[in-house]
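Read the structure below first, then the notes.
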Amino acid sequence: MTQDNVSPRDIARSLPGILRRFPAIAKGYYYYSVKNENKDLTLGTLVDRNAEKYGHRPAILFEDRSITWREFNGWANRIAGFLKTEGLIRGDTIAVFLENRPELLAVVAGAAKVGVACAMLNTSQKGRVLEHSINLVSPKMVVVGEELVEAFDGVKADIRTSTPTHSCSWPIPTP
């Protein structure tokens, strides 16, 4: 497609790819449309299900690492346990200041298992912009990747929250 307009020919060319992905698209639409208040459908439950169904298959392939669904689920469960021991409960918010890597996925999945919302912070932010982003969400905890500790330390004293904020720059144990 070399122009800004979509022609019928362009649509016809894309149909085989859409048809190949149709089962996944239909399943996603089904989950989106189901409104059962008694049935949780979260990232945490999806990770649990995939660990049961596809335990030995890779969930994450990153650089030279391969993490199976079972390993990923165990990792997310350990993070969920840590969040609970720190007093976080369903409905709380944490700010996540991590570069794109498997640890980011594990933190988000672990938080989802507890019902904690994750506010993803832009890792390019520093100084007052970072401070403003964190203060917008009033997190109960800030999870900071070791590569971003210096940027976070520059604003840590100026973070305003209604409850004491914990910052976690621990090395997140990998599976």
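Structural remarks
- Hits among aspartates and glutamates - C-alpha to C-alpha of LYS84 under 16 Å, sequence gap 8 or more where chains match: ASP92
- Listed from fewest to most Cβ neighbours within 10 Å, the set ASP64, ASP158 follows the order ASP64, ASP158.
- Ordering of 101-113, 83-95, 17-29 by packing [mean C-beta count within 10 Å, highest first]: 101-113, 83-95, 17-29
- Label-to-label distance, nm, for residues given as ASN100 and ARG9 (7 Å Cα→Cβ offset): 3.4 nm
No lab work stands behind these numbers, since they all come straight from the coordinates. What you are looking at is a predicted structure, and each value in this text was computed from that prediction instead of being measured. Methodologically, a virtual Cβ is constructed for each residue, glycine included, from the backbone with ideal geometry; neighbour enumeration extends over all protein chains shown.
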